[in-house]
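Enquirer: Got a structure for you, questions after.
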Amino acid sequence: MSFVHAQLGSSHSLDGAQVITTSRSAVASYQQCPRKRYWQYEAPNGTATPGWERRRLALPLVTGIYTHHGLELLLGGTSPTEAARSASLAYREEVASRGLAVEVDSSEAEVVEEQAAHVEALVLAWARVRWPQWQEQYELVEVEKEDRVALADDVTLAVRADAIVRRKADGRMFVVNFKTVGTADERWLRAWETDMQLMTELLAAEQRHGQEFGGVIIEGLVKGRRMPQKNDVGDVIGYADSTPLLYGYKVDANPPLTPQEYGWEYTRRKGWHKFKTWRESFSAANPTMHGLAYWINWLPQEVVESQFVVVPPIMRDRDRIESKVRQIVSIERGIHAALNVDGGIGEVGLDLHFPQNERSCHYPSKCPFYEACFERGTSDDMQGSGLYLPRVDHHALAEGSE
Ligand code: SF4
């Protein structure tokens, strides 16, 4: 089978038939739960872009999106400090307009402040330890380029890789993907062995550049687990990311007996306590560099390096890619046919073509469409419920970050 390279914005094939445009996240949504795919990408909402999304932004997703934004600025030539600040500011603006879905017992304002700092910290930390290695090993070819690849005459896939690089040593090219992740555990690492995104992005990149690539490199940016925070009597009063980028330990100065000291590891030593690094000025320690920039620069190199996991280049054989393409084309044709019956899909059609997969309702986290599925009246007036907004088509932003 050969694949045709399509132009952005094309919506009809050469013979005038309608072309179905899909994305990795839309296919993944269907695979997770067909009904979720319907709510998220297909349900009419009165605009030209069907589908719904939660009014309140999902905490891990939006932190991932703005960390990507900071890295994109950095790769595009912006200084690390400026890229980190701009991304953090953009995060705050977006969250202020939509609200953030936070854990019960958490203060939304405090979580927003922490996550905005986390976006800044990850960009600064990546710039400190990974960017120099990158520049030594690779030449940057392009950043965040939107692409569309025709999988069949009637099905096109929209793709956007974070970056494409050329290895200086041998000229081989690679697709690079940044993924923010709570913990880069065995499960996370193994999942890349079968990930569809690796195949589809590789397919698009190879076609556009007219050569075989060395594979896809995954750069994991570790955010740490969200851990419960307790007060003096043991009540949970909120949750915080467990990362040395944001939380350190210090003992206050007691002049003239002891100076102020900082540490990054937990300690039971007398007088030491945990503190928020982004709120500390560090002006006594360093009059020229303040706040997070000082802390990220002060941390031992290996501590900062341990916040990043690089998955070595992953390659896919042609047969597996072609098999995946056949599966995507079949799924998309089936959805298109189901939605385009005379008189609309209706309730019975929804049950026949978009069955509910209840195994995905609460795992790995609560499904954003839980209320649409199971709360009486919500699906009759999605926007009126106050929970949902018409979807904005930003499929390629930080796809796959958690
Ligand atoms: S709530 Fe459950 S059944 Fe409904 S869309 Fe989500 S995963 Fe599917």
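Enquirer: I need the full set of residues from the range 123-165 which are surrounded by 21 or more Cβ atoms within 10 Å (Cβ to Cβ) and hydroxyl-bearing (Ser, Thr, Tyr), in order please.
Expert: Thr156
Enquirer: May I pose another question? Please list, ordered by first then second residue, the pairs with beta carbon atoms under 6 Å, 6 or more apart or interchain, first in the range 31-54 and among the basic types (Lys, Arg), second within 12 Å of the ligand (Cβ to nearest atom) and assigned to a loop (DSSP other than H, G, I, E, B).
Expert: Arg35/Phe354; Arg35/Gln356; Lys36/Phe369; Arg54/Pro368
Enquirer: Here's another thing I want to ask about it. Being aliphatic (A, V, I, L, M), surrounded by 15 or more Cβ atoms within 10 Å (Cβ to Cβ) and assigned to a helix (DSSP H, G or I) narrows it down to one of Leu74, Leu89, so name that one.
Expert: Exactly one of Leu74, Leu89 is aliphatic (A, V, I, L, M), surrounded by 15 or more Cβ atoms within 10 Å (Cβ to Cβ) and assigned to a helix (DSSP H, G or I), namely Leu74.
Enquirer: I would also like to ask the following. Going by the conditions given, is Trp264 surrounded by 12 or more Cβ atoms within 10 Å (Cβ to Cβ), touching a residue at least 12 places away in the same chain (Cβ under 8 Å), in contact with a Gly (Cβ under 6 Å, 6 or more places away or on another chain) and closer than 18 Å to Glu114 by Cβ?
Expert: yes
Enquirer: Please state which one of Val176, Val159 is under 15 Å from Met315 (Cβ atoms), out of contact with any Gly (no Cβ under 6 Å at 6 or more places or on another chain) and in a strand (DSSP E or B).
Expert: Val176
Enquirer: Pick out the one residue from Phe374, Phe369 that is within 8 Å of the ligand (Cβ to nearest atom) and without any contact (Cβ under 8 Å) to a residue 60 or more places away in the chain.
Expert: Every option except Phe374 fails the conditions.
Enquirer: I want to confirm something. Restricting to the range 343-361 and keeping residues that are modelled with pLDDT under 95 and assigned to a loop (DSSP other than H, G, I, E, B), which single residue is nearest to the ligand (Cβ to nearest atom)?
Expert: Applying the filter and picking the extreme gives Ile345.
Enquirer: Moving to a separate point now. Across the range 278-315, which residue is nearest to Glu212 (Cα to Cα) among those that are of a type in the set (Val, Ile, Thr) and touching a residue at least 40 places away in the same chain (Cβ under 8 Å)?
Expert: This residue is Ile314.
Enquirer: Just one of Asp317, Asp351 is charged (D, E, K, R) and under 29 Å from the mean Cα position of the chain (by Cα); which is it?
Expert: Asp317
Enquirer: Also, I was wondering about something else. Being in contact with a Gly (Cβ under 9 Å, 6 or more places away or on another chain) and crowded, with 18+ Cβ neighbours inside 10 Å is the filter here, so list the residues in the range 379-392 that pass it.
Expert: Matches in the range 379-392: Arg391 only.
Enquirer: Within the range 15-25, which residues are surrounded by 22 or more Cβ atoms within 10 Å (Cβ to Cβ) and within 16 Å of the ligand (Cβ to nearest atom)?
Expert: Within the range 15-25, none qualify.
Enquirer: Please verify whether the range 198-212 includes one or more residues that are farther than 30 Å from Ala184 by Cα, within 28 Å of the chain's Cα centre (by Cα) and of a type in the set (Lys, Arg).
Expert: yes
The values are calculated or read from the model by the stated rules, or taken from the named source; none is laboratory data. All values reported here derive from a predicted model rather than from experimental measurement. Note that we place each Cβ from the backbone using ideal geometry, even for glycine, and neighbour counts take in every protein chain shown.
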